[in-house]
Structure formats: C-alpha cells, structure tokens
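I have placed the structure first, in the form of structure tokens, so that the comments after it can refer back to it.
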C-alpha cells in the first residue's frame, strides 16, 4: 500500500485490502505478548479528532497507537475550539502545526476526511464520516471473517437492519464485493437505500426468508439519531419483523451460522441478548480484530516516514 490517506474502502484495491489484513495478522502477535508494546511507531504523532460520540473506535485507535509506541492526543468536539466558531480546517491545521503525522477523524458530515486530506500534509484516516463510510470497521470485520473461515470469497453474508443510515454497511458491502463474497441485504423497504442497486447485492425484505443457508448474519443498529423523519411505524413493529431472536435463529438459520454486529448493540431491538451472547456470536472478536487492523493501518501509512527516520 503506497498512499498518504485511508479514506474509504471504495478507494482500496483488493491487493491493498489483502496487505492491510496480512500486516494486521502480524500485529496480533504483539497483542498476544505478555508485554503488549512494540517500538514500531516511536517518533510518530497521531491526533484523534472525534466530532461525534464514540467509544469503540476512539478507544481502539488510542490503544493501537499506544501498542505501537506512537505519541497521541485526543480531541473531542465538546472540548474543541469548534464550539467557539473555529472551522474544521483551522482546527486541523493547528493540530498539524504541532508536528502531527496522522490525523484520525470522525465527523457527521460525509466527505469531511476527504476535505482535510486534500489540504493537509499529514495523513488522514477516516474513522466514520456521516452515513458515508467507516473503512476501519469494515476492514476489522473482514479480518474477523477471514480468521473464522480462512477465506472470504464465496461466503454468503446477509446484512440486516438500517442499511440506509449505516456507514458500516456501505463500507462492508464494498469490501465484501471486492473480496468475492455473496452479499444479501434485508430490512424494511424504508431503510433500504435507493443507491443499493449500484452494488452486487441481493435485496430481501423478509428476515425469515433470508436466514437459511447464510454463513454470516451481520446485524445493524436502527440509527434513530440519523433519521430526519420517521421511517418506521413503530419500534415494536420493527422488533416483530426484523429482530434476530434465538427462536428465529434456531428455526431458520444454519447451525453453523455466525453472528456479527458493529456495536453499539440495542439489546432486545435488532438482536436478542441470548443471540448476542451465544456461541454463534463473533461480536467481541470484531473488537479484538479492530485493534490489530488499526495498528496495521497506522504502520502502513507511517512506513515511508519510518524508513526516512531509520536512514
């Protein structure tokens, strides 16, 4: 991989995805050591700019930076000068002026990371931009799938829920298509976006119809905070028709199916607790993969500077 920024799965070739996953696998060795620290990114400074709430992604990046001995700073919207009227670009330029090498940004506006990447010398990593993309989550999911099945090609993956507002779904669909998986999406018609036909996916609206013969069921949260209008008659109706219950799972799905969810989980809404905590679930494995993948991306984007420093 020879690029300054990581802005989306759409930009990556299959070969680049393979390299990220290969390096992530080697990063897992660091995470399995008694002392889980390597000097790989010593001298590299990373700024995490999060203008939307985050627990998993921010902590995953922060931990990845610490594991590789990078210096890091966290800036969240509630404590930034953006509240005083400073523009996003001015904030980022001020951060860059502190000799920051990489900026990790999460923002509610689609394209915000791309906007900064065109105007900054520092590398930019997209940690989620509106409902557009969430590339590091998708790469973490691809790694989780690869570890479980030893392949991605030809696997049958059903993504269920609020596809319309999910940046994770968009990135994952693109990634799965590039890696040769067979992708299905399922949800209420109002939560299946009109742009879905640009991807190689099969669309279904009946959950029980899509469950049989799938290798992976990827469950999404209903993102009420992103919905500008009511797209569901009621949450009770959504639960009735689309919640993945243990009864539905055992009755309609394969006994070898695995369950994934990007978090946060709304237990009892899109997924029943008994399913989320069951032997079918790889939800916590996704979190583990997330640290290794983000370590991989930080290293690959820093590789040129690391080589320069070593010379």
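Only the coordinates and a few stated rules stand behind these numbers; no lab work does. As the structure is a computational prediction, the values presented were derived from the model and not from experiment. Glycine also receives a Cβ, built like all others from the backbone with ideal geometry; neighbour counts cover every protein chain displayed.
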Checklist outcome for this item: Note to self: C-alpha centroids of the range 103-135 and the range 256-311 sit apart, in Å, by 19
Next on the checklist: Can you tell me the length gained on complete extension of the stretch residue 195 to residue 4, counting 0.36 nm per residue apart and subtracting the Cα distance?
Outcome noted: 65.9 nm
Checklist entry - Modelled label-to-label distance, residue 209 and residue 305, 7 Å Cα→beta-carbon offset: nm? => result 5.2
Checklist entry - Given the rule -39500 (n - 2.57) for each run of at least 4 DSSP H residues, summed and divided by the residues of the chain, what is its mean residue ellipticity at 222 nm, to the nearest 500 deg cm²/dmol? => result -12000 deg cm²/dmol
Checklist entry - Relative to the present Cα-Cα distance, how much length would full extension add between residue 87 and residue 29 at 0.36 nm per residue of separation? => result 16.8 nm
Checklist entry - What is the order of 260, 235, 98, fewest Cβ neighbours within 10 Å to most? => result 98, 235, 260
Checklist entry - Just for the chain, what percent of DSSP beta bridges are antiparallel, to the closest 5? => result 5
Item to check | Peptides ranked, highest mean first, by Cβ atoms within 10 Å: ranges 143-153, 45-55, 164-174 | outcome: 164-174, 45-55, 143-153
Checklist entry - At q = 0.08, 0.14, 0.17, 0.18 Å⁻¹, what log₁₀ I(q)/I(0) does a Debye calculation on the Cα points of the range 135-286 give, no solvent, two decimals? => result -0.19, -0.61, -0.93, -1.06
Checklist entry - How big is the gap, in Å, between the Cα center of the range 1-37 and the Cα center of the range 185-214? => result 30
Item to check | Computed label-point distance, nm, for sites residue 69 and residue 267 using a 7 Å Cα→Cβ extension | outcome: 4.1
Checklist entry - What's the Kirkwood radius of the range 253-309 in Å, using all Cα pairs? => result 13.7
Checklist entry - Direction-averaged shadow area of the convex hull around the Cα atoms of the chain, nm²? => result 16.3
